[in-house]
Each structure stands twice: as C-alpha cells, then as structure tokens.
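S.K.: Input: one structure, supplied below.
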Amino acid sequence: MAETDQALPPSDQLAAMNLTDTVEKHAFSDRVLIRSIVGRPDGGAGLAGERVRAGGWVKTGREQGKGTFAFLELNDGSCPANLQVIVDAGLAVLSKLVATGTCVVVDGILKVPPEGTRQKIELRVEKVVSVGEVDPAKYPIPKTKLTLEFLRDHLHLRARTNTIAAIARIRNALAFATHSFFQEHNFLYVHTPILTTSDCEGAGEMFQVTTLISESEKLEKELIKNPPPSEVDIEAARQVVSERGEAVKQLKAAKASKSEITASVAELNKAKENLSKLEERSKLKPGIPKKDGKIDYTQDFFARQAFLTVSGQLQVETYACAVSNVYTFGPTFRAEHSHTSRHLAEFWMVEPEIAFADLQDDMNCAEAYVKYMCNWLLDKCLDDMQFMAKSYDKGCIDRLRMVASIPFVRISYTEAVELLEEAVKGGKKFENEVKWGIDLASEHERYLTEVKFQKPVIVYNYPKGIKAFYMRLNDDLKTVAAMDVLVPKVGELIGGSQREERYEVIRERILEVGLPLEPYEWYLDLRRYGTVKHCGFGLGFERMILFATGIENIRDVIPFPRYPGRADL
C-alpha cells in the first residue's frame, strides 16, 4: 500500500484502494464480504489483482516455510466457504494469528494460487489491520469435530462452527421466504401479543407471568428490615391524634389567632397521616396475597392471571375478521416437561389466517407455502444445503426438490386410519395403537409419508374429540374441518382448520371442552358481529428447518434453545 494510504484512518483506507464494482463491499463496514469473493461462479478467480479488506474468524491456521509465512482459512459467516489468506512473518507475529477462533482483519491483493490447489483464489496480505487473539489452551471450540450435544453447552460460541452457521443462514432464508410468500399474496403482517390471558389450545401447559412472587419476596425482605408496627405503636399514634385534636378544639374555643389554629390543624393532619400509614403497614403480611383461600390475582400486575402465549391465532383472527388476509410470525411457549428431540419450551410459529375461505383453501395455501420455501432454499441457499447433505443428510436436497415439484396427497383422517390398520394386518408394528379416534402419532405420520406414499400427505376431517374448540364442526357432528400437513423426516409440519364461524355452535363447543366462557367473550364477539367464514394454520418454524436440513434434534436449529432445566443466556 502507498505511504499516503498508510496515513489515512482505517475507515478511509479501503476507499482509497483500487476497488471495482465487481467486488461487493459491505454496505456498513470497511470490508468485503467473503461470499462476494469465493461465492462467484468462478470461485473468485476473475477478481485476481483486486485489492480488498477482509475480516473474519480463523477456522484453521498453520505456519509454513519454517515460520516465514502462515496460511489462514478465514470465514466471516456470509457463506459456508472460507477464504485462504497468506500472511508473511514480517507483517505480524504468526503464532498470534493461526489459532482457531482468532479474529483478523487484513488488507491485501487477490491472487490465483498455483495449479493443483483446491482454492480458486487466495488473499496475499499486505497489512494486518487488527487481531482478536485466542488462547488455544482455553478456547472451547477447537477445530476438531464436535458433537451438536456438546455445542449446546457453549451457546455463545457455537455459531462459529460450520454447522450452526449454516443452520443460521438456512433459518434466515426460510424467515425471508415466509415474509416474501405472504407479502406476495397480499397478507398483512400482524404482531400478536406474547403476553395473553387466553389459552388458545385449552391444554393448560402454559408459562404463567406474574409479579406476585417477586413482590412477595421484596415485601418479606422489607418487613425483616423494618418490622410492621405493633398494636402499642398504633395505640400511641391514636393518642397523638387525640391530643392534637384536643389542642385544636382548645385554640378555637379560646379564639386564638388564625395562624396558631392553622399550625395546630397542620400538626393534627400530620398525626392522622402517620396513624393511617401505621395502620396500613400493620396489615402487610409476608407471602402471596390470598382471598377466600385462593391466590388473589387482582393484586397481580395485570389484575388477573396472565401467560406466555401458546399461539397468536385467536388474536390474529380479530384482524382477519376486519382486513381479510393476515399472518403472524413470532415466538410461542409451552410449559411441557418433554425431553424429546421434537419439543422446545420456546419455539416460533407462522400463523396465517384467511377470510372468506374454507378448508380446501387452507390446504391449498399450506401446500403452496411449503413448496415456496423448498424452492427458496434450492434457489438462494444451495451452498448451505450442499453442506448439510454432505455432513448430515444425503437426501435433504432431493427431498426439497421432491416436495417442491409434486402435488401433496390428500386423504381424510378416516382413510388414514384405514391405511394404518391395513399396514398392521400386513405385519407392520406400531408402538401406538391404531384405531379411529386416536391422535396420530409421529410414527403413524411418518409411515404415511415415508413408506405408504413417499411424499407429503395432507390428512383432513379429524375427530372433534382430539381437536381444539375453534375448529368448524362438520355435518356428521363427529369430525371437524381440520387438516395436518405431514412430511417425510418430521411427520406433522402444519396443523390448521376452518374456524367455527357459527356463534351458537362455537359457544357450545367452548362449554363442551370445559373452558369458561368469560375469557372468550371477545372471541365470541367475532361471531356475534359480522361473522365470516375463515380458516388458517400454524407451521412450526423449527420443524421446517428439521425437515429441510435433516438435523435430528430441534434444539440445534434454534439459536438459543429453551427446554426443561435449560434457559442459557
């Protein structure tokens, strides 16, 4: 670099380099994305001769030529591929650069490496701008192969691994695809509350939100430090009030001056205020407030019981019944003590709601949405999907292509049970019994998608006894207009239904499942006032990532997994 460039501040040095439009500089940083170099069809070879600034974390590093230079494999998270960087010993202390996890920013010139090497381009460093050192003896994410289970104990660092970084980019792509799909189809994005007083599923497995416990603990500490007044203290305060009152009477009887009477009244008022405070404080008792032997939730923050939401569906319906097509996409919560590879306490749901639409429309939307996401990954995220195919599931790309290109099978719940019963008669063994009225287990769902049809299956018209109160009752009075989208590898990916729009029917259903009417009066209003035929579904976002990547455990496809006993960071 020229001496005049050396004098420039770091933020201006890159601008002074001979960069062309062929290299994509990050919009809000003084570096070039590694993806814009190695992600080109030619692997970056066409950029030979360009000067760039690159920054990233060392995946592997090694000193060569008896310590005269070092090779670094640098990755900045923009893509799965690394940029090979060559640093001469005269530019930096090489031992401080080569440790896995070290962060470096370098200026240099891109060059085509010698023939026979794997790389299409490499960066010959002219200046080491900055180094974030790592002590290799203490760094918990070495370059050796680590299990995903081990990485869960290092959530703050696990995104530095190839797998978790690839999953993060795939997750990002699926979120982008979700918004793109619904925006392209004229859906309005609605933010539904995380705090709620409604139990959407009626399951009761909800996290309660309360300040009663913390307020109770605070009060207990306060009462230990400043004990409540005794009856003697209160009686003494009453005596003071009596004496001050008598003094005011005497002054008035003696026709004292106005200023004397005013001062005496002020003292009386102060005594009364002190007595009131003492009496109020004497009523304070440690523990959670109770009324008639039950917890008094009127003393809680929201003056009633509140929970973390299990679904935004009921709330988003209020907008569907006003502006037609809507969707919500956010975190949901289940206080379920499950340690399976398919359950989290906090997970994300995509929940569209379509007005003037029935179950058939719901199935059409769900199928189109899943196909859209599969195509999006194949189009925008193929390099990461190739990494997942190589490292975890050889069939994941073929699975995406298959789902994106063929019509989903559609069968009724009754037909599904008949097919499963036929399989049992033919010798197939299921852990869960097959009979009409059961909720299909994951093994049943996967049999239908992976063995029987070998493609996605939509099962519809489920028994009303195993579905939520808001699903539309069919004419047979035994089933509801519900549907589940089942896919290979995962089983149920989407659950949805046509909603019950008839006031009397849904009121009866709420009572039938044992829920109180009062918390759902607002929901009933949607049926009282301008009711409309509508439907919707929920897609478990992490399940979609499991399906796409072939990763086995749901805890590895969300950045910060929450499950029984664990809520790190």
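The values are calculated or read from the model by the stated rules, or taken from the named source; none is laboratory data. Remember, it's a predicted structure, so these values are computed and weren't measured experimentally. Using ideal geometry, Cβ is built from the backbone for each residue, glycine included, and neighbour counts are taken over all protein chains shown. Protein only, heavy atoms only, side chains kept; ligands, DNA and RNA dropped before computing areas. Shrake-Rupley method; radii C 1.70, N 1.55, O 1.52, S 1.80 Å.
S.K.: When residues of segment 282-311 are filtered for being assigned to a helix (DSSP H, G or I) and open to solvent by 60 Å² or more (accessible area, probe 1.4 Å), how many remain?
M.R.: Residues flagged as assigned to a helix (DSSP H, G or I) and open to solvent by 60 Å² or more (accessible area, probe 1.4 Å) within segment 282-311 amount to 2.
S.K.: Being at pLDDT 95 or above, open to solvent by 40 Å² or more (accessible area, probe 1.4 Å), in contact with a Gly (Cβ under 9 Å, 6 or more places away or on another chain) and not acidic (Asp, Glu) is the filter here; which residues of segment 113-147 pass it?
M.R.: Arg124, Lys127, Val129, Ser130
S.K.: Also, I was wondering about something else. Kindly indicate which of Asp379, Asp362 is charged (D, E, K, R), touching a Gly at 6+ places or on another chain (Cβ under 6 Å) and over 15 Å from Met544 (Cβ atoms).
M.R.: Asp362
S.K.: May I pose another question? How many residues, within segment 443-468, are assigned to a helix (DSSP H, G or I) and open to solvent by less than 60 Å² (accessible area, probe 1.4 Å)?
M.R.: 8
S.K.: Looking at Leu473, Leu486 in this structure, which one is modelled with pLDDT of 95 or more and over 28 Å from the mean Cα position of the chain (by Cα)?
M.R.: Sole residue among the options that is modelled with pLDDT of 95 or more and over 28 Å from the mean Cα position of the chain (by Cα): Leu473.
S.K.: Sticking with this structure for a sec: Given the conditions (1) touching a residue at least 12 places away in the same chain (Cβ under 8 Å); (2) over 30 Å from Ala320 (Cβ atoms); (3) open to solvent by less than 40 Å² (accessible area, probe 1.4 Å), which single one is not true for Ala256?
M.R.: (1)
Conditions tested, residue by residue: (1) farther than 27 Å from Glu336 by Cβ; (2) in contact with a His (Cβ under 8 Å, 6 or more places away or on another chain); (3) assigned by the TED database to the domain that holds Glu346; (4) of a type in the set (D, E, K, R).
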{"position": "His191", "(1), (2), (3), (4)": "no, no, yes, no"}
{"position": "Leu219", "(1), (2), (3), (4)": "yes, no, no, no"}
{"position": "Pro229", "(1), (2), (3), (4)": "yes, no, no, no"}
{"position": "Gln250", "(1), (2), (3), (4)": "yes, no, no, no"}
{"position": "Ala253", "(1), (2), (3), (4)": "yes, no, no, no"}
{"position": "Lys258", "(1), (2), (3), (4)": "yes, no, no, yes"}
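S.K.: Now a separate question. Filter segment 478-535 for residues that are open to solvent by 10 Å² or more (accessible area, probe 1.4 Å), part of a loop (DSSP other than H, G, I, E, B), of a type in the set (D, E, K, R) and touching a helix residue (DSSP H, G or I) at 6+ places or on another chain (Cβ under 9 Å) and give the result.
M.R.: Across segment 478-535, the qualifying residues are Lys478, Lys489, Glu501, Arg502.
S.K.: Okay, next question. Would you confirm, using the coordinates I've provided, whether Ala266 is modelled with pLDDT of 90 or more and in the same structural domain as Ser216 (by the TED database)?
M.R.: yes
S.K.: Evaluate the following for Leu155: is it under 21 Å from the mean Cα position of the chain (by Cα), open to solvent by less than 70 Å² (accessible area, probe 1.4 Å), more than 30 Å from Gly49 (Cα to Cα) and not assigned by the TED database to the domain that holds Cys396?
M.R.: yes
S.K.: Further question on the same structure: For segment 74-88, name all the residues that are surrounded by fewer than 17 Cβ atoms within 10 Å (Cβ to Cβ) and in a loop (DSSP other than H, G, I, E, B).
M.R.: Of everything in segment 74-88, just one residue is surrounded by fewer than 17 Cβ atoms within 10 Å (Cβ to Cβ) and in a loop (DSSP other than H, G, I, E, B), namely Gly77.
S.K.: Looking at (1) touching a residue at least 60 places away in the same chain (Cβ under 8 Å); (2) farther than 30 Å from Arg566 by Cα; (3) not basic (Lys, Arg), which is the only condition Gly330 fails?
M.R.: Going through the list (1) touching a residue at least 60 places away in the same chain (Cβ under 8 Å); (2) farther than 30 Å from Arg566 by Cα; (3) not basic (Lys, Arg), Gly330 breaks only (2).
S.K.: Given the criterion among the basic types (Lys, Arg), free of Cβ contacts under 8 Å to residues at least 40 places away in the same chain, over 22 Å from Gly465 (Cβ atoms) and surrounded by fewer than 17 Cβ atoms within 10 Å (Cβ to Cβ), identify the matching residue among Lys429, Lys435.
M.R.: Of the residues listed, the single one that is among the basic types (Lys, Arg), free of Cβ contacts under 8 Å to residues at least 40 places away in the same chain, over 22 Å from Gly465 (Cβ atoms) and surrounded by fewer than 17 Cβ atoms within 10 Å (Cβ to Cβ) is Lys429.
S.K.: A follow-up question, please. Read through the list (1) within 25 Å of the chain's Cα centre (by Cα); (2) open to solvent by 20 Å² or more (accessible area, probe 1.4 Å), then give the number of the only condition that Cys396 fails.
M.R.: (2)
S.K.: A follow-up question, please. Given the conditions (1) surrounded by 22 or more Cβ atoms within 10 Å (Cβ to Cβ); (2) free of Cβ contacts under 8 Å to residues at least 60 places away in the same chain, and given that Met402 satisfies all but one, which numbered condition is not satisfied?
M.R.: (1)
S.K.: Going by what's in this entry, would Leu314 be described as open to solvent by less than 30 Å² (accessible area, probe 1.4 Å), hydrophobic (A, V, I, L, M, F, W, C), outside the structural domain of Ala237 (by the TED database) and part of a helix (DSSP H, G or I)?
M.R.: Yes.
S.K.: Out of curiosity, is Ala416 in a helix (DSSP H, G or I) and under 20 Å from Leu148 (Cβ atoms)?
M.R.: no
S.K.: Inspect segment 334-344 for any residue being assigned to a strand (DSSP E or B) and open to solvent by less than 40 Å² (accessible area, probe 1.4 Å) and give the result as yes or no.
M.R.: Among the residues of segment 334-344, not one is assigned to a strand (DSSP E or B) and open to solvent by less than 40 Å² (accessible area, probe 1.4 Å), which makes the answer no.
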